[in-house]
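Asker: Starting off with a structure, shown below.
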Amino acid sequence: MSSPARGSRRGSSLVRRLLALEIATVVLAAVIAGGVSAWNTRETIEQDAADKMVAVAVALASSPGLADAVAARDVPRVQAAAETTRAGTGVSFVTVMDPAGTRLSHPEPARIGETYQGTFLPAAAGGTLVETFPGTLGLSVRAIVPVRDAGDGGVVGMVAVGQLRVQVADRIARELGTLALAAAVAIALGVGLAVVAARRVKRDTLGLEPREITALHRHHQAVMAAMREGLLVLDADTGRVVVLNAEAARLLGLPAALEPSRAAGPTLDELGVDPALRERLADRSPVTDETVLVGERLLLLNRTELAGTWETERSGEHADGGARPEDTAPDIVVTLRDRTELEAMTRELDDARSVTRALRFAAHEHANHLQAVSTLIELGAQDDARELAQRWSRDLLASGDDELRDRLADPALAALVLDKAADARDRGLELRIGESTALPADEAGDEQASTDRVTVVGNLVDNALDAALESAHAGTGGVVELDVHTAGGAEVIRVVDDGPGLADPDAAFAAGWSTKARGSGERGLGLALVRRVVDRRGGTVEVVPGVEGRGTVFTVTLPLVAAGRQRSPAANR
């Protein structure tokens, strides 16, 4: 975290380059826009001036009595009319002349009678002329129109109306001043926004350079890919998936091509994530190393809600008076570790321990037997010793182990049943194998079918032995019955105990439900695993009370699966 803070204090060449680029862009845009506006304004003002000159000239030329006064060369009347028009319209000059160009009026009376300076022949021919010409008063924009006789419409004279160029330039200067002020304000605002944007970029990137950001992204991708722990980050407000690594996708059964995004990423509901996990994550309280059953996997879940991480990372800059970023939406960080194989190994270790204890007891018992035989031989009672040894051999061979292996074509199931029987004897209980128990080789299925069978039988028998042990301690029971056979294209697994029974059979299959207090390990997952296997295989599970209301009878029906038809989840890894 210290590295970003040092980067923010040292400054960023990326931010400086962006700021310079933004300022240059703003200034260039303002200059171009101002230049275009100035050119358009100049053209507009000049066009307005020309149109005004034409309008004034036409109005005066068509005024009553002017044509007669011009035709009669009545200078006083013409001068009066011209000056009145000039004063009323604010133009620079109004000159009336005869068809030969001799002035009949002028702002300077001394110039009356002189020849008009400028082009007038088009107007003398009956046309309208607009031009810019340096006359006696200076450079001006002028319009010249004919004065026509009211009778025959002939041209009896001309009217020239002009505006000095300096007056037009003054108006243009005033308009351009306003445009320049607006451009300056726009540049100032643009520069200010560029500075704000640059500071925001600096804050959001923690002052890192592009190459550093690229390196961090590559490191992030490498770490995400190398992690053997599932990592899932959710937006706490929207529930959308923000970060998802490959291990999390595998554990949750999500597509590897999923693209997380804070704005458009999918939610867990949309992805169809196991409801048990969605329900647990909906609780905003922290979760530490909690076992959750997701599908048929046992996952170790950790959940942490993070907020205000930027404030923590940049606290050094805040102490220096830097801007504090706005509060960000909290994120839910979820880590997942697969405990399925660990739980299986733990079960196998427990089974091995129980077998070891049984062998130890058996060895102790056989040692006693051998000692009795040895004593009889020392006493000279060889016949009695031989008879005693043969009787014990018959008892040992009659234990039924070989018979059970012949009846069950699934070696894993047979080994499990023998182990559970030894465990039952060790705990002072009895596991009875039903006479109809049989599983032909052609109906044993593939490796996955064997795994499903072991999961169902192992969990049901474990729970039944625990329940029978409670009755045995009370002196009212201690017997568990197991029957595995095929019927109607399905394998039927029936487990009966004489324990205290279940008050709520439906709730017993929920993950985490247990009649026992939590001890050294997690409880309430065995029957939930049984339910997941049954649902996946499309089977059924029935729970009813035992005979006379004592104990519980579990009956699981699983459709038979042809070998090679169903793959193990491990094969998909």
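Asker: Can you give me the Cα centroid spacing of the stretch 61-95 and the stretch 409-460 in angstrom?
Answerer: 127 Å
Asker: If a/c stays under 1.5 just call it rounded; otherwise compare a/b with b/c (prolate if a/b is bigger, oblate if not). Do that for the stretch 229-307, with a ≥ b ≥ c from the square roots of the Cα gyration tensor eigenvalues. Don't skip to the end; give the middle numbers.
Answerer: Working: a/c = 1.56, a/b = 1.12, b/c = 1.39.
Cα axes put the stretch 229-307 in the oblate bin.
Asker: For the stretch 202-260, just the Cα set please: Rg and Dmax, both in angstrom.
Answerer: Spelled out, the Cα radius of gyration and Dmax of the stretch 202-260 are 13.6, 39 Å.
Asker: Also: What percent of all Cα-Cα pairs in the stretch 53-173 falls into each 10 Å bin, going from 0 up to the bin containing the maximum distance?
Answerer: Taking all Cα pairs of the stretch 53-173, the binned fractions are 15, 52, 28, 5, 0 percent.
Asker: Once R0 is set to 22 Å, what does the formula 1/(1 + (r/R0)^6) return for the Cβ-Cβ distance between Glu259 and Ser13, expressed as a FRET efficiency to the nearest 0.05?
Answerer: On the way: r = 32 Å, r/R0 = 1.44.
Approximately 0.10, to the nearest 0.05.
Asker: Over the stretch 10-72, with the other protein chains present, what is the accessible area per residue in square angstrom, probe 1.4 angstrom?
Answerer: Values: 3430 Å² over 63 residues.
Each residue of the stretch 10-72 exposes 54 Å² on average to a 1.4 Å probe.
Asker: Could you quote the convex hull projected area for the stretch 179-233, Cα atoms only and averaged over all directions, in nm²? It would help to have the intermediate numbers written out before the result.
Answerer: Values: hull surface 23.3 nm².
Mean projected area for the stretch 179-233: 5.8 nm², to one decimal.
Asker: I'd like the carbon and sulfur percentage of the solvent accessible area for the stretch 81-140, probe radius 1.4 Å, heavy atoms only, ligands and nucleic acids excluded. Write out the running numbers ahead of the final one.
Answerer: Values: 1470 of 2610 Å².
C and S atoms contribute 56 percent here.
Asker: Let me ask something additional. Would you mind classifying the stretch 97-164 by shape? Square roots of the alpha carbon gyration tensor eigenvalues, ordered a ≥ b ≥ c; an a/c under 1.5 is rounded, otherwise it is prolate if a/b is larger than b/c and oblate if not. Before the final figure, lay out each step's value.
Answerer: Working: a/c = 2.34, a/b = 1.45, b/c = 1.62.
Oblate shape, in that a/c is at least 1.5 and b/c is the bigger or equal ratio.
Asker: Right, another one. Carbon and sulfur: what percent of the stretch 152-297's accessible surface (1.4 Å probe)?
Answerer: Details: 4620 of 7810 Å².
That fraction is 59 percent.
Asker: Under a crude label model (7 Å from the Cα following the beta-carbon direction), how far is Glu108 from Ala125 in nanometres?
Answerer: According to this spin-label approximation, the distance is 3.1 nm.
Asker: Next question. Multiply the residue gap between Asp535 and Glu403 by 0.36 nm, knock off their C-alpha separation, and tell me the result in nm, one decimal place. List each step's numbers first, then the result.
Answerer: Working: separation 132, 0.36 × 132 = 47.52 nm, distance 3.22 nm.
Stretched out fully, the Asp535 to Glu403 stretch lengthens by 44.3 nm.
Asker: Using θ = phi - 60° and the Karplus form 6.51 cos²θ - 1.76 cosθ + 1.60, what ³J(HN,Hα) does each residue of the stretch 428-444 get, whole Hz, x for Gly and Pro?
Answerer: In residue order, the calculated couplings are x, 10, 10, 10, 9, 9, x, 5, 7, 5, 6, 9, x, 5, 6, 10, 6 Hz.
Asker: Would you mind working out the magnitude of the charge dipole of the stretch 202-308 relative to its Cα centre, with +1 at each Lys and Arg C-beta and -1 at each Asp and Glu C-beta, to the nearest 20 Debye?
Answerer: On the way: 13 positive and 17 negative charges, 69 e Å.
Once rounded to the nearest 20, the dipole reads 340 debye.
Asker: Could you tell me which of rounded, prolate or oblate describes the stretch 108-240, using a ≥ b ≥ c as the square roots of the eigenvalues of the alpha-carbon gyration tensor, with rounded for a/c under 1.5 and, failing that, prolate when a/b is larger than b/c and oblate otherwise? Show your work: numbers first, answer last.
Answerer: On the way: a/c = 5.97, a/b = 4.12, b/c = 1.45.
The shape class here is prolate.
Asker: Quickly work out the Arg386-to-Arg250 label distance, labels modelled 7 Å from Cα along the C-beta direction, and quote it in nm with one decimal.
Answerer: Label-label distance for Arg250 and Arg386, simple model: 6.5 nm.
The values are calculated or read from the model by the stated rules, or taken from the named source; none is laboratory data. Values in this document were obtained by computation on a predicted structure and should not be read as measured data. In this analysis, Cβ positions are derived from the backbone assuming ideal geometry, glycine residues included, and neighbour counts consider all displayed protein chains. Heavy atoms of the whole protein, side chains included, go into the accessibility calculation; ligands, DNA and RNA do not. Shrake-Rupley method; radii C 1.70, N 1.55, O 1.52, S 1.80 Å.
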